[in-house]
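Structure, as structure tokens:
Bear in mind these aren't lab numbers, they're just calculated from the coordinates by the rules spelled out. In this text, all values refer to a predicted model and were calculated from it rather than measured experimentally. Cβ: placed from backbone, ideal geometry, glycine included. Neighbour counts: every protein chain shown.
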Amino acid sequence: MSRQSKQFAVILCLVAMISFSLWPLWKWLSLKKANAALIERTRAAVEKHPELKPAWNIAMEDGVLTWSEAKEILEAAGEKVDQEP
């Protein structure tokens, strides 16, 4: 294996390791928790439309309702959601 091939492989491995190590940090920074009013509004929509209960259960598996999850549920119920806070 030539020296150039080894350097290329090392650089490729470093880029891959950095990408995989930064992924959890990116996910943590990009998730926004829904505020209390939006959570209550979503809960009321789920009670009004029982077919949305599976979506609610999936969204609450981690114990936190994110803004994007609440938006999906409310839009499925036919309600309009304001822009992200």
- Rounded to the nearest 10 degrees, what's the angle between the helix 67-76 long axis and the longest principal axis of the chain, both from Cα atoms, 0 to 90? 50
- Query: Across bins of 10 angstrom width beginning at 0, how are the C-alpha pair distances of the chain distributed, in whole percent?
  - Reply: 16, 34, 17, 13, 11, 8, 2
- Query: With contacts defined as alpha carbon pairs under 8 Å and 6 or more residues apart, what's the relative contact order of the range 21-85 in percent?
  - Reply: 37
- Task: Name the residues whose placed amide hydrogens come within less than 5 Å of the amide hydrogen of THR66, ignoring near sequence neighbours (fewer than 5 apart) on the same chain.
- Result: ALA34
- Query: Hey, if you put +1 on the Cβ of every Lys and Arg and -1 on every Asp and Glu Cβ in the chain, which of ASN35, TRP67, ILE11 ends up farthest toward the positive end of that dipole?
  - Reply: ILE11
- Message: How big is the range 36-76 along each principal axis, measuring the range of its Cα positions in Å and listing the largest first?
- Response: 21, 20, 14
